[in-house]
Every structure is written in structure tokens, then in C-alpha cells.
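These notes are about the structure you will find just below.
The values are calculated or read from the model by the stated rules, or taken from the named source; none is laboratory data. Here the structure is a predicted model, which is why all the values come from computation and not from measurement. Heavy atoms of the whole protein, side chains included, go into the accessibility calculation; ligands, DNA and RNA do not. Shrake-Rupley method; radii C 1.70, N 1.55, O 1.52, S 1.80 Å.
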Amino acid sequence: MLRAIIGTVAVLAGFGVLERSVDASTGHAGSCTATQAYALIQRGDMVLVRAEPTPLAPVIGTLSGRAVSGELARSQVTIMGSQSGWARIALNTAQGYAATDAAPQSFGWMPADLLTVDARVDGTITLFDRPDLLGSAITTIKGDDMKFRVLGCRGTRLQVVNARHGHVWIDKWCAREEGCRG
């Protein structure tokens, strides 16, 4: 009986170590549900889109945004996955994407922390300390207009950071210019 208890504790401890050692920034590409986010780009600037999730990979295109107001332009993209701090984006739906060569690409990579989502949604957003079943709810947000910087994704949750809540995982977000409230 004692041996069974010790074995069970060891297995659970192993799951805890494994869960802490893998986050969205090191997960496999395509490890999340397709989701919308937007890049806020200084007017006149462009974001380089690369073939692989590394700054040394070939540039396959650029992303520029349309001006919303002020100095920042906005470009909405669909995140398909994340790896090592990079977001894998669908190029056929990326607003403001321009390919650098004639070879069409379906997906490209950009630094994930250049992407933003916000809390302008109907209902409650739950913040978690981890992305999946071992994660615990930390707090909830309702009716707030704060922004989050994207760090990565896993499954149906997005890994984000902001000044008020720090590094958390969220289960709901908005990427539309007009907001997502009804």
C-alpha cells in the first residue's frame, strides 16, 4: 500500500515538472486552435515575415498595417501555432501582407510579442496560471478594455502578458478593431 502511494506521488510530481517545463513558446508548431490577433505597427514600418521561427530564416514577406488612429497601424492576422517566441501565421488572410518573391507561401513566422489582443469581449475572461488541465484559474476580467501582448498559444488558450496581470493564459480575447461586445 505504501509503495503504491509513493508511486502515485512520484508520477504526479513528474507531471508537474513536465507541465512547468513546456510552455507555448517552446511547443510544436500548429499547437493551438486558429485564432485572431493583431499587430500594432508604427506608421511606415513593416514586420518581416520569415520562413522559419528564427531571425536567421529567409524573409518571405512583410506585414504592414492600416492606420487606425495616431502613429500606430493595425494588421489583423490568424495565429496557427507558436514556437520559441514566434507565432505561425496564415498568410492568405493576413491584412497588409506582401510576399517578397513569386513563390506563394501559406504560412509564415513573426515574433509573437509583436501581436496584441484585448479584453473587449462579451462575458467573462478567465486568467489561468497554465494552459491545460493542470492549470488553475487565477482571476477573471469582465467589462475591461485592457490590452495583452501575445507570447504564444496552446490548444484553445492564449499565452499573454500585460502590466496588471503579468504572464498568464486566457480563454477568451478580441482582435477586432471595433471590439467584440454585442
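The figures follow:
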item: Alpha-carbon radius of gyration plus Dmax, which is the widest Cα pair, for the stretch 41-116 in Å; result: 11.7, 35
item: Sequence of M80, M146, M46 from largest to smallest accessible area, 1.4 Å probe; result: M46, M80, M146
item: Cα pair distances in the stretch 56-182, grouped into 5 Å bins until the bin that holds the longest one, percent each; result: 2, 10, 19, 21, 19, 14, 8, 4, 2, 0
